[in-house]
């Protein structure tokens with residue numbers, strides 16, 4: 001009986017330790033942050049990408065919604081952010097969320113495009129270390145000139 005209990009304890013301890021330790025090769029969470037220059041609610045041909053925007057990845061417990069992991073990143077000159085994630089978050093809900101925009105005229109969060117659900121685990125069959133998030137955006141305070149023409153191209157085939 002003592003041997004069974006010892007074996008069970010070793011198995012449980014091994015499982016706990018393997019979940020807690022960082023992965024050997026970190027995953028890279030990558031995405032883009034844009035400025036909706038036409039206030040269309042989506043990326044258009046007039047969309048610009050924001051340099052220096054702050055983004056955060058947050059992982060929460062599925063049941064309690066308690067924040068378990070958080071890490072920030074900043075976009076480069078192409079509006080792309082890359083955040084290294086060294087832990088596996090297979091049992092958690094993870095989102096990339098907008099934090100701030102350095103452009104004062106494009107700092108209003110585009111609701112519905114202000115966060116992106118991401119899968120941060122290696123237990124899903126993906127061989128790549130890079131995990132991609134949908135683009136997230138801020139809206140310009142006032143639409144720039146020429147947006148009427150830009151938005152017309154998206155309505156050409158409407159009945």
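The values are calculated or read from the model by the stated rules, or taken from the named source; none is laboratory data. Keep in mind that this is a model prediction, so the values were computed, not measured. Please note: Cβ atoms are built from the backbone with ideal geometry, for glycine as well, and neighbour counts cover all protein chains shown.
The table below gives the values:
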read-out	value
Residue that is surrounded by the most Cβ atoms within 10 Å (Cβ to Cβ) [pool: residues in region 78-98 that are in a loop (DSSP other than H, G, I, E, B) and modelled with pLDDT of 95 or more]	79
In region 99-123, the residues that are surrounded by fewer than 13 Cβ atoms within 10 Å (Cβ to Cβ), assigned to a loop (DSSP other than H, G, I, E, B) and in contact (Cβ under 8 Å) with a residue 12 or more places away in the chain	112, 123
Which numbered condition residue 72 misses (of (1) in contact with a strand residue (DSSP E or B) (Cβ under 8 Å, 6 or more places away or on another chain); (2) more than 18 Å from residue 34 (Cβ to Cβ); (3) part of a loop (DSSP other than H, G, I, E, B))	(3)
Flag for residue 49 being within 13 Å of residue 34 (Cα to Cα), within 18 Å of the chain's Cα centre (by Cα), without any contact (Cβ under 8 Å) to a residue 60 or more places away in the chain and surrounded by 13 or more Cβ atoms within 10 Å (Cβ to Cβ)	yes
